[in-house]
Amino acid sequence: MFTVETGSGFWNPIIWVIAIVVTFLLIYILRSLGKKGYKKDTEQVKSFLSGNPEYPKEKMHIKASNLYWGFTTSLKGLYTLLRKMHTGNTSDYVLWFVIILAIFLLVEVI
Amino acid sequence: MNVPDYTIALVVAIPLLGAFLTPLVGRINDKLRNIFVILVLTLNAFLVFLLASDVLTTGIKTYVFGAQDISYPIVRILFEVDAMSIFMAIISSILVTVAVIYSWSFMKENTGLDKYYTLILLLTAGMLGMVLTGDMFNFFVFLEITSIASCALIAFWTHKGESVEAGFKYIVISAMGALFVLFAIALLYGQYNALNIALLSSVIQYTFLDKIALVLLIVALAMKAGIVPMHMWLPDSYGSAPSSISIILVSATLASLYGVFRVIFTLYGNVLSKIANFGIPVNVLIGWLIVALAVISILIGVFMALIQSDFKRLIAYGAVAELGYMFLGIGTGIVALGTAYGKTALDGGIFHVINDALDVGLLFLVAGAIYYATKETSLDKLGGLARNMKYTTVFFIIGFLAVAGMPPLNGFASKLLIYESTFQLNPILAIVAILCSILLLAVFVKVFYSAFMGPQLPKFKDVKEVPKSMLFSMGIIACIIVIFGLFPEFIINNLVEPAANALIGYSEYISQVVVGGI
Amino acid sequence: MIFNIPYIAVAVLILLGLYALIFKRNLIKMVIGITLIESGVNLFLITLGYRKESIAPIYTSSPGGVMAFPVPQALTLTSIVIGVAVIALMLSLVMHIYRHYGTLDVRKVRRLKE
Amino acid sequence: MTKMSKIVRTIASIAFPFAMIYGLYVIAHGHLTPGGGFQGGAIAASACAMILVAFGSKWTLDKIKEKRLSVFESLGGIGFIAIALLGLVFGAAFFNNFLTGSNFLFGTIPATGSGLADINTGGVLPLMNFAVGLKVIVGLFVIVLVMAYAATSFKEDKK
Amino acid sequence: MSTRNIAAVIVFSIVAVFFIFTALLMHPFGVPDESDMDDYIIDNTQEETGANNGVTAVVFDYRGFDTLGEATVLFTAVAGVIMIFRRLKND
Amino acid sequence: MTFLELLHIIIPILIVAASVVAVLLKDLLAAVIAVAAMSLLLSLEFFILQAPDVAIAQAGVGACLTTAIFIIAIRATKRMEGEV
């Protein structure tokens, strides 16, 4: 019912579920050991930026396009190629179909 | 459970009749029309499940249209339902029913809903016809119904230029693909004077013209399934359609994928492993070509998803990558036809079909829910939605963990089968697949962070949770995902394994129609 | 070989349609390309069903003799109606594209890219 | 599209009944002579399109609403699928030709071989021809009508 | 000529060669190889369907389900065209 | 070579010629008329290939209604291909 045999190994979700439950229990226990001095809506909740004023909410939130900036910049060459490939031109869509058709015909038919 | 034979015909006829009746019902009352459509689809899904239980216990069922006595059934149209067809039919009926329940509140504000529901029913009939039919030309007709209905639905929001553009791109691509499919069918008809898949499969010779027909069929159907580099229409159309349509389009795409499987495994199954092309068996050649395209699909899908800023386009590129995983499993299965790990790969690929449909479908529904609540799809402008939309957030977490293949959800079980079997074919393939799976997780973590996490933005302060019908439909899919994740062995033994056996066992498929077997 | 000219016409029609789809920039020209491919495939189907010195497969006051195949003709009927449906939908979308974009140049109708 | 001159309108209204009758003839004799639901439907729809061109799309849409027309189209579709389902009820299978050989409506079988045949033959084929003919006439005409009207209104939007 | 057009011409000519070969290798014009299915239909049309027109018999009887599909395609297109040109509320 | 065989050679060539004209013409209205001519020739070819049913359908649908739809679309947009 639970175990999937893959030929060289197996996979059982129940073990994982048990592991996840145990982890959550541990987290809960550790969390309940912490200090109880937290009070809502007081000075202690406010963020402290070395005395500088806090930015407005929109600026605090990192935009989606900037999230993996390092990754995309280091792969700039690849990404310029990929962007060039996706022209958005309907004729090019048809052209890609014909290209794959030609490759398949050359490999398969000759 | 035994059902009468004509259930097969009713499965396609009921949505069609419903589609013809919907404009008439829609003149009476809007609410009545919605209930009518949901009832028709539920009845249909019920029939599909009855048929499934029958087919999975007793084997292949056939139905000949219009025959008094079945003395020479080949001249008539034949529906042939095996485990693979019923597997796809189950996917389609689940997704369509969910999408219609979702549309109840999602599309409430729009005009032209009569035609919207009519087209959904027609699309359902088209998809079910594509997967159940046993006749090549009938397949083409249903392919056209599917593509025309989905094109019109993609362009539903005609006040947006993008929607219309995506609809045009989709119809150009699908009309051309369908015409090439028809050309290939004509080539086969011209040689063997037959249109029935089983009959064609029993007499096929693999001459020059058969090779051309094979290539045309595979390439045209693979394009309609959205494999790289012929995938560009897919993000356009998924991204511009209403979310309730995007989820049905996932299933329509998978119906084309089924066409590829049927052509390779059944129509050409007879000649595939027996004939060699310059020394290499044909199945190895085709299999490696498909594996190559699959790896490119995974890579490009993931890398492009990483830089998207539109929610739905991002999911669409994720879907392209997922499609690559399916093709990877199937391609490995074709290369290693007959070996144990080839069978495992086939299982993994087919299991991934249903997993992908559910996971990507759930993500599209979440994207639609966010659009409904905020009228925004750009990820750059979203943020902090988890505070106000708790249930949606939970569904999104389930969906993205499943797509990225995190244990213990269903995506992992199928991906594990694919990793293990491709490792035995070539370790590099497995490594690429695993790395891209991790990247896919990164992609969706980005979405999770930028849409749901972060500070609460002032403009989204008054955002409310979406209505109950949308939550209900998302909940259904999330439940199925969790169940599939917890009982993978049960699903594999009862749904996936019979489907894989049905694909490999072409001789049984043939012997149902052609007397005396091959 | 000379009598294979209808088949060659079919191939040329399909290739002309593909040419119009790939190299022409006007959207209506692309629709014309689809029409040409469709005509080619229809002609192919009918040509497959022709037998030399045959008559049409209709018994009413027929002179008698070998009959042409009826099945390809039925398939072509289906294909023709499907073709007009596809073209109507395409042209309606073209009209909408012109309203939104103000152009029919395929290189400019690409707000959706990357 | 705007109205055309009076000569064109007169000729169109004279020619319209003839074209329509020819289309209906082709539909009705579909099982005997070349023709059938689709061909006759296309001819009749062309006749309707001629009226549309002569009188302008505004006038035509004032006379006939496209919603009413699409009801007719639905009826054609329902009729077709209902005949198919009757095959399941009275005959052996979906799409069974259950009327052939029953000597009832269109039920007689013609003499084998070439020759003339009665119109009272063909079983359910003539009925299906009528259903499909209705559907094709209305369907094609609605397509042309809606597109022509939209073209006019788009032009006016620009001005 | 841009890179795209050069690639397009090359690929297009490859496909063209294959298509022309396909046309040349078809069975000779007017002499089909196989004719089982169609001969059966031609011989049995009048008895089984009662129609004198073979094409109509195939369209509505032997392959009636295709015709249902075709009628559905037309219905779909009509629904699509009406839907695309519908009135939007905000207009 | 009989007359019918000659027709089987001439009409396909004419069809191809008409479609080449349809692809090359810059005036879209003229191109559509060329497509209509191609459709009519195709219908004639269907007729001499012993398919009168298809010939009627092609003449009605392909040559008449498709052309009408094309002309409506061109009236709603631009007539010349090169115009932006």
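Taken over region E:1-59, the criterion of being buried (at least 19 other Cβ atoms within 10 Å of the Cβ) and at positive phi is satisfied by E:G50 alone. Of the residues B:A413, B:A357, B:A402, the single one that is within 25 Å of B:A255 (Cα to Cα) and touching a strand residue (DSSP E or B) at 6+ places or on another chain (Cβ under 9 Å) is B:A413.
A quick yes/no check of all residues on (1) open to solvent by less than 50 Å² (accessible area, probe 1.4 Å); (2) more than 17 Å from C:L48 (Cα to Cα); (3) small (G, A, S); (4) in contact (Cβ under 8 Å) with a residue 12 or more places away in the chain:
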site	(1), (2), (3), (4)
F:A22	yes, yes, yes, yes
F:A30	yes, yes, yes, no
F:I33	no, yes, no, yes
F:E45	yes, no, no, yes
F:A51	yes, no, yes, no
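Look at B:F79 and say whether it is free of Cβ contacts under 8 Å to residues at least 60 places away in the same chain, among the aromatic types (F, W, Y), within 14 Å of chain D (Cβ to nearest Cβ) and touching a Gly at 6+ places or on another chain (Cβ under 7 Å). Spelling it out, it is not the case that B:F79 is free of Cβ contacts under 8 Å to residues at least 60 places away in the same chain, among the aromatic types (F, W, Y), within 14 Å of chain D (Cβ to nearest Cβ) and touching a Gly at 6+ places or on another chain (Cβ under 7 Å). Return the only residue of B:L323, B:L293, B:L314, B:L328 being within 13 Å of another protein chain (Cβ to nearest Cβ), modelled with pLDDT of 90 or more and farther than 30 Å from B:V463 by Cα. Among B:L323, B:L293, B:L314, B:L328, only B:L293 is within 13 Å of another protein chain (Cβ to nearest Cβ), modelled with pLDDT of 90 or more and farther than 30 Å from B:V463 by Cα.
Quick one: how many residues across region B:28-37 are open to solvent by 20 Å² or more (accessible area, probe 1.4 Å) and either in contact with a helix residue (DSSP H, G or I) (Cβ under 6 Å, 6 or more places away or on another chain) or part of a helix (DSSP H, G or I) (or both)?
Looking only at that region, the number is 5.
In region B:457-467, the residue that is surrounded by the fewest Cβ atoms within 10 Å (Cβ to Cβ) out of those that are in contact with a helix residue (DSSP H, G or I) (Cβ under 8 Å, 6 or more places away or on another chain) and either among the charged types (D, E, K, R) or assigned to a loop (DSSP other than H, G, I, E, B) (or both) is B:K464. Among the candidates B:V55, B:V40, the residue that is in a helix (DSSP H, G or I), open to solvent by less than 10 Å² (accessible area, probe 1.4 Å) and at pLDDT 90 or above is uniquely B:V55.
For region A:51-72, name all the residues that are within 22 Å of the chain's Cα centre (by Cα), among the polar types (S, T, N, Q) and either at positive phi or open to solvent by 80 Å² or more (accessible area, probe 1.4 Å) (or both). Passing the criteria: only A:N66. Taken over region B:477-514, the criterion of being open to solvent by less than 50 Å² (accessible area, probe 1.4 Å) and β-branched (V, I, T) is satisfied by B:I477, B:I480, B:I481, B:I491, B:I492, B:V496, B:I510, B:V513, B:V514. Within region B:157-216, the set of residues being open to solvent by less than 10 Å² (accessible area, probe 1.4 Å), more than 7 Å from every other protein chain (Cβ to nearest Cβ) and in contact with a Cys (Cβ under 9 Å, 6 or more places away or on another chain) comprises B:S174 only. So which residues in region C:25-57 are more than 7 Å from every other protein chain (Cβ to nearest Cβ) and under 21 Å from F:K78 (Cβ atoms)? If the condition is that a residue be more than 7 Å from every other protein chain (Cβ to nearest Cβ) and under 21 Å from F:K78 (Cβ atoms), then C:R25, C:L27, C:V31, C:G33 are the ones that fit.
Would you call B:D380 crowded, with 23+ Cβ neighbours inside 10 Å and not small (G, A, S)? Lay out the reasoning, then the answer.
Numbers: crowded, with 23+ Cβ neighbours inside 10 Å: no; not small (G, A, S): yes.
Considered against the rule, which asks whether it is crowded, with 23+ Cβ neighbours inside 10 Å and not small (G, A, S), B:D380 comes out as no.
Based on this model, can you work out whether B:S251 counts as open to solvent by less than 20 Å² (accessible area, probe 1.4 Å), over 18 Å from B:T332 (Cβ atoms) and touching a residue at least 24 places away in the same chain (Cβ under 8 Å)? Yes: the conditions hold for B:S251. Please tell me if F:I11 is more than 9 Å from every other protein chain (Cβ to nearest Cβ), touching a residue at least 24 places away in the same chain (Cβ under 8 Å) and in a helix (DSSP H, G or I). Here the answer is no, as F:I11 does not meet what is asked. For region C:52-60, the condition holds for no residue, the condition being that it is part of a helix (DSSP H, G or I) and not small (G, A, S). Quick check on region B:458-471. Is at least one of its residues in contact (Cβ under 8 Å) with a residue 60 or more places away in the chain, farther than 30 Å from B:T57 by Cβ, under 22 Å from the mean Cα position of the chain (by Cα) and away from chain A (no Cβ under 14 Å)? Looking through region B:458-471, at least one residue is in contact (Cβ under 8 Å) with a residue 60 or more places away in the chain, farther than 30 Å from B:T57 by Cβ, under 22 Å from the mean Cα position of the chain (by Cα) and away from chain A (no Cβ under 14 Å).
Entry remark, region D:130-139: residues being open to solvent by 10 Å² or more (accessible area, probe 1.4 Å) and either acidic (D, E) or within 15 Å of F:V61 (Cα to Cα) (or both) number 2 in total. B:A9 passes every criterion in (1) of a type outside the set (K, R); (2) under 18 Å from D:L75 (Cα atoms); (3) within 13 Å of chain D (Cβ to nearest Cβ) apart from (2).
Screening the candidates B:A402, B:A373, B:A430, B:A367 for the property of being modelled with pLDDT of 90 or more, more than 11 Å from every other protein chain (Cβ to nearest Cβ), touching a Gly at 6+ places or on another chain (Cβ under 6 Å) and open to solvent by less than 50 Å² (accessible area, probe 1.4 Å) yields one hit, B:A402.
Taking region B:64-76 as the range and being touching a residue at least 40 places away in the same chain (Cβ under 8 Å) and either more than 14 Å from every other protein chain (Cβ to nearest Cβ) or open to solvent by 20 Å² or more (accessible area, probe 1.4 Å) (or both) as the test, the residues that pass are B:P73, B:I74.
The values are calculated or read from the model by the stated rules, or taken from the named source; none is laboratory data. Since we're looking at a predicted model, the values are computed, not measured. All Cβ positions, glycine included, derive from the backbone under ideal geometry; neighbour counts span all protein chains shown. These accessible areas exclude ligands, DNA and RNA; they are computed on the full protein's heavy atoms, side chains included. Shrake-Rupley method; radii C 1.70, N 1.55, O 1.52, S 1.80 Å.
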